[in-house]
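Reading through the structure tokens given below for one structure.
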Amino acid sequence: MNKGKLSYFFGDKAFYKKVLAVALPMIIQNGITNFVNLLDNIMVGSVGTEPMAAVAIVNKLIFVYICCLFGGCAGVGIFTAQFYGKGDYDGVKKCFRLKLYTVLTILSAALVTLTFAGESLISLFLHEGSETGDLALTLEYAKEYLSIIVIGLIPQAISECYAGTLRETQHTALPMAAGATAVFTNLLLNYILIFGNFGAPALGIKGAAIATVTSKFIEFFIIAITVHVRKDKYPFFVGAYRKVTLSLSFVSNVLKKSLPLLVNEAFWASGTAAMAYCYSLRGLAVVAGYNISTTVTDIFNIVALAFGNAIAIIVGNLLGANKMDEAKRSDAQLIVFAVIISIGLGAILFAFAPFFPLLYKNTAEEAKQLATSFLRIYSVYLVINVVACSCYFTLRAGGKTFITFLFDSVFMICVNFPFTFVLAYFTDMPIVPLYALSLSIEIIKCVMGIIFIKSGKWMQNIVKEEPAP
């Protein structure tokens with residue numbers, strides 16, 4: 001490749017300054033959140049293997065809900081980013097209202113499902129197969145944790161509407177500050193309520209649930225109050241509640257793009273839970289070890305998420321402004337930048353993998369050894385995940401939500417899960433090589449994504465002829 005072609009994939013100083021202005025607040029926010037989640041996980045793990053496995057199982061179920069919120073808001077957020085790039089604040093407000101209706105629907109479905117089918121769903125992840133763990137005790141812990149944690153689903157839903165809109169309009173500092181405050185509150189309350197410090201009762205995982213719910217309400221109040229007080233800084237929220245109706249033409253136009261993304265996130269999250277189910281067939285030690293590893297890898301995955309969101313925001317704004325060539329080049333530069341960083345992070349994860357499980361002092365040794373193996377495998381996979389995530393957000397920025405549906409959740413359900421299920425259910429393959437093979441299948445998706453992005457068929461301005469409300 002000659003110097004001219006190579007320079008296409010690298011931006012100037014102004015470009016990277018703009019990228020970091022968008023990505024860094026999200027990296028900091030997600031980094032703090034996931035680091036505190038690691039500390040929370042260590043605290044719960046110090047109570048024992050069964051409580052940690054219980055919390056891990058419930059969080060897998062809650063993760064499906066979180067992804068549905070993300071999908072419902074992100075689908076509408078495609079329009080938010082392009083309306084903002086176009087300078088249409090009324091369009092941003094309409095998108096915000098539609099997000100609210102979407103998340104309230106998702107919230108209602110989640111509350112009903114977890115209330116009436118929570119125990120059955122938890123039981124799917126409890127299997128004999130390792131020397132570690134009491135399954136009945138784990139179930140009781142999980143039910144206790146779930147009964148409290150569902151309350152936090154309410155503020156989390158509304159916060160996602162506000163935070164998503166702020167990020168899509170390049171106001172990422174407020175969600176970062178609110179999120180950081182919430183996670184530190186969660187950490188402090190965990191320390192007090194799990195172990196009974198400062199005169200409080202020692203509540204174990206019940207205390208962990210109370211801490212999490214409290215932090216969700218704090219995050220919501222910080223964001224909601226700030227955006228409605230600072231009307232000069234956030235004018236696109238002014239009058240957002242003055243109208244409750246939306247035109248049928250607007251809703252129809254947005255839902256054509258957003259529904260596939262919502263369904264995609266719901267299916268993808270369900271697919272990840274199904275993958276965890278496959279791993280759980282090897283016993284409770286695998287559930288605990290997998291929980292340790294995913295808590296750590298989530299910290300390293302913030303690059304994939306942050307740069308993916310940067311692609312959706314920056315490229316989406318450029319597409320809304322009809323700057324197609326600049327959008328395509330910026331996308332390529334963002335992907336290359338994310339890959340370079342992920343290679344360095346993967347090397348760090350590989351080197352320090354044996355040390356993270358040592359933090360879980362009262363967790364079974366079998367689970368710790370498995371966690372180290374999972375972390376080493378994931379360190380190699382990290383760059384693959386970054387490429388796949390970048391492809392996904394590129395397609396989403398251009399409104400190709402049906403393609404993202406095929407690329408993400410259909411691939412998960414029709415390829416990843418069946419492949420892993422066959423290995424887990426019909427063979428005696430040990431969990432470590434099974435896990436490695438399960439992740440390696442993502443290479444196929446990366447190749448497909450790169451080919452489609454290179455074609456440029458994903459680029460379109462979806463708000464160019466938006467009908468009036």
What relative contact order, as a whole-number percentage, does segment 10-120 give when Cα pairs under 8 Å and 6 or more residues apart are counted? 18
Which whole-Hz ³J(HN,Hα) couplings does segment 228-237 yield from phi under the Karplus relation 6.51 cos²θ - 1.76 cosθ + 1.60, θ = phi - 60°, glycine and proline marked x? 8, 7, 8, 5, 5, 7, 10, x, 6, 9
Could you calculate the contour length gain from residue 119 to residue 221, that is, 0.36 nm times the residue separation minus the distance between their Cα atoms, to one decimal place in nm? 33.6 nm
If the chain between residue 195 and residue 63 were fully stretched, how many nm would it gain, using 0.36 nm times the residue separation less the Cα-Cα distance? 44.9 nm
Short version: ³J(HN,Hα) in whole Hz for each residue of segment 66-81, in order, from phi by Karplus 6.51 cos²θ - 1.76 cosθ + 1.60 (θ = phi - 60°), x for Gly and Pro, what are they? 4, 5, 5, 4, 4, x, x, 7, 5, x, 5, x, 4, 6, 4, 4
With a 1.4 angstrom probe the carbon and sulfur portion of accessible area for the chain, in percent, totals 67
Debye-sum result for segment 45-189 in log10 I(q)/I(0), which assumes one identical scatterer on each alpha carbon, at q = 0.13, 0.16, 0.21 Å⁻¹: -0.69, -0.91, -1.22
Under the definition of Cα pairs under 8 Å and six or more residues apart, what whole-number percent is the relative contact order of segment 164-213? 25
Taking N as the residue count of segment 312-356, its alpha carbon Rg divided by 2.2 N^0.38 Å gives 1.70
Could you tell me, in Å, what Rg and Dmax come out for the Cα atoms of the chain? 21.9, 68
Within the set of other residues whose C-beta is less than 10 Å from the C-beta of residue 388, count the net charge using Lys and Arg as +1 and Asp and Glu as -1. -1
Inter-centroid distance (Cα atoms) of segment 235-310 relative to segment 437-456, Å: 20
Rounded to the nearest 500, what is the chain's calculated 222 nm mean residue ellipticity when only DSSP H runs of at least 4 contribute -39500 (n - 2.57) each, over all residues? -26000 deg cm²/dmol
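Could you provide, to the nearest whole Å², the per residue accessible area of the chain with probe 1.4 Å?
I get 41 Å² per residue for the chain.
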Determine the relative contact order of the chain: mean sequence separation of Cα pairs under 8 Å and six or more apart, normalised by residue count, in whole percent. 24
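With every protein chain kept in the model, how would you rank 15, 355 by accessible area, 1.4 Å probe, largest at the top?
Ranked from most to least accessible, the order is 355, 15.
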Out of every Cα-Cα pair in segment 222-335, what percent are more than 22 Å apart? 65
In segment 335-417, the trypsin sites (Lys or Arg not before Pro) that fall in loop regions by DSSP, at most 13 other Cβ within 10 Å: 361
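Within the set of other residues whose C-beta is less than 9 Å from the C-beta of residue 243, count the net charge using Lys and Arg as +1 and Asp and Glu as -1.
Neighbour charge sum, excluding residue 243 itself: +4.
Rounded to the nearest 0.05, what FRET efficiency do residue 136 and residue 436 give with R0 = 35 Å and r taken as the Cβ-Cβ distance? Could you check?
Rounded to the nearest 0.05, the efficiency is 0.65.
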Could you give each residue of segment 248-257 its phi-based ³J(HN,Hα) in whole Hz, using Karplus coefficients 6.51, -1.76, 1.60 with θ = phi - 60°, and x for Gly or Pro? 4, 5, 5, 4, 4, 5, 6, 5, 4, 8
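The values are calculated or read from the model by the stated rules, or taken from the named source; none is laboratory data. A quick note: this is a predicted structure, and the numbers were derived from the prediction, not measured. Ideal geometry is used to build each Cβ from the backbone, glycine not excepted, and the neighbour counts take in all protein chains shown. What goes into the accessible areas is simple: the full protein's heavy atoms, side chains included, and nothing from ligands, DNA or RNA. Shrake-Rupley method; radii C 1.70, N 1.55, O 1.52, S 1.80 Å.
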